[in-house]
Amino acid sequence: TNNYKLSQVAHVATTQPGLLSVTASGYSGIYDGGPHGITVTSSGATIKYGEASGTYNLTSSPTYTDVGTYTVYYQVSLAGYTTATGSKTVTIAKANNVLRLSATSGSYTYPNGGTFKVTENKSGGTLSCISDNKAVANCSISGDTVTVTLGTTKGTATLTIKSEATKNYNAGQAAYVVTTASGALSVTANEYSGVYDGKEHGIT
């Protein structure tokens, strides 16, 4: 100014990167046929994903459909902030199978068996059938048709239809109760009536 010389003073500013605010969550649920991944949010930041630690080559979370546990890695970056990295898991557990029959019980008269259907086997697992009393009734499966064959003993038997576990479903089963009755024999009986002829005669 008119009365003062030019002067100056120094202030030393030391800065360090800021810490990003990052929210990350994984997924845990039962198999539902849909894709699932992790969720990462951080305002204004660039988020990248990878399926291997240190590799972030994806712009969105990889997703998984089948049963298993998967680890997804993430990297969050923004100018002026320390880059944040981490990982979360996607866990998909097996679903319970749905196994339905066209009927849950049936009555039969010896020697006539019958059939019923497996109307739903959600997992698509291999079907099998076992009887708890083969003397009363047994069973076999072809496709979705269960054939009931009768034993020679009157009574009840439980047929258990099973569906094997698959990659995404637990094993499943359903029961069918068989009640059997004795058959009615077809009988023809004839007596004998005649004049004495010196021969033996009986009924037929």
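The values are calculated or read from the model by the stated rules, or taken from the named source; none is laboratory data. Keep in mind it's a predicted model, so treat the numbers as computed, not measured. Because the Cβ atoms are built from the backbone with ideal geometry, glycine has one as well, and the counts that use them run over all protein chains shown. Ligands, DNA and RNA are stripped out before the accessible areas are found, and what is left, the full protein with its side chains, is counted by its heavy atoms. Shrake-Rupley method; radii C 1.70, N 1.55, O 1.52, S 1.80 Å.
Go through the range 37-69 and report how many residues are assigned to a loop (DSSP other than H, G, I, E, B), more than 30 Å from residue 165 (Cα to Cα) and within 30 Å of the chain's Cα centre (by Cα).
We begin by selecting, within the range 37-69, every residue assigned to a loop (DSSP other than H, G, I, E, B); these are 37-38, 42-45, 51, 53-54, 56-57, 59-63, 65-67.
Filter again for more than 30 Å from residue 165 (Cα to Cα), leaving 42-45, 53-54, 56-57, 59-60.
Cutting the leftovers down to within 30 Å of the chain's Cα centre (by Cα) gives us 60.
Within the range 37-69, residues that are assigned to a loop (DSSP other than H, G, I, E, B), more than 30 Å from residue 165 (Cα to Cα) and within 30 Å of the chain's Cα centre (by Cα) number 1.
Can you name every residue in the range 40-70 that is loosely packed, with under 14 Cβ neighbours inside 10 Å and closer than 12 Å to residue 24 by Cβ?
Selection gives 41 alone.
Which residues, counting only those in the range 70-110, are in a strand (DSSP E or B), in contact (Cβ under 8 Å) with a residue 60 or more places away in the chain and among the β-branched types (Val, Ile, Thr)?
Once the filter is applied, which keeps residues that are in a strand (DSSP E or B), in contact (Cβ under 8 Å) with a residue 60 or more places away in the chain and among the β-branched types (Val, Ile, Thr), the range 70-110 yields 82, 89, 90, 91, 92, 109.
Within the group 73, 31, which residue is over 15 Å from the mean Cα position of the chain (by Cα), surrounded by 17 or more Cβ atoms within 10 Å (Cβ to Cβ), modelled with pLDDT of 95 or more and aromatic (Phe, Trp, Tyr)? Show your work before the answer.
Working: 31 fails: over 15 Å from the mean Cα position of the chain (by Cα).
After ruling out the rest, the residue left standing is 73.
Give the number of residues within the range 148-187 that are closer than 29 Å to residue 136 by Cβ, hydroxyl-bearing (Ser, Thr, Tyr) and assigned to a loop (DSSP other than H, G, I, E, B).
4
Can you name the residue in the range 170-192 that is more than 26 Å from residue 153 (Cα to Cα) and surrounded by 12 or more Cβ atoms within 10 Å (Cβ to Cβ) and is also nearest to the chain's Cα centre (by Cα) among such residues?
Taking the candidates together, the pick is 170.
Please enumerate the residues belonging to the range 149-172 that are farther than 30 Å from residue 67 by Cα and touching a Ser or Thr at 6+ places or on another chain (Cβ under 7 Å).
The answer is 150, 154, 155, 156, 157, 159.
When you look at residue 114, is it farther than 30 Å from residue 52 by Cβ, in contact with a Phe, Trp or Tyr (Cβ under 9 Å, 6 or more places away or on another chain), of a type in the set (Gly, Ala, Ser) and at pLDDT below 95, yes or no?
When the stated conditions are applied, residue 114 does not pass them.
List the number of the failed condition for residue 195; all other conditions in (1) open to solvent by 40 Å² or more (accessible area, probe 1.4 Å); (2) under 24 Å from the mean Cα position of the chain (by Cα); (3) not polar (S, T, N, Q) hold.
Single failed check for residue 195: (2).
Got a number for residues in the range 92-144 being open to solvent by 30 Å² or more (accessible area, probe 1.4 Å), of a type in the set (S, T, N, Q), over 30 Å from residue 185 (Cα atoms) and in contact with a strand residue (DSSP E or B) (Cβ under 9 Å, 6 or more places away or on another chain)?
The total comes to 6.
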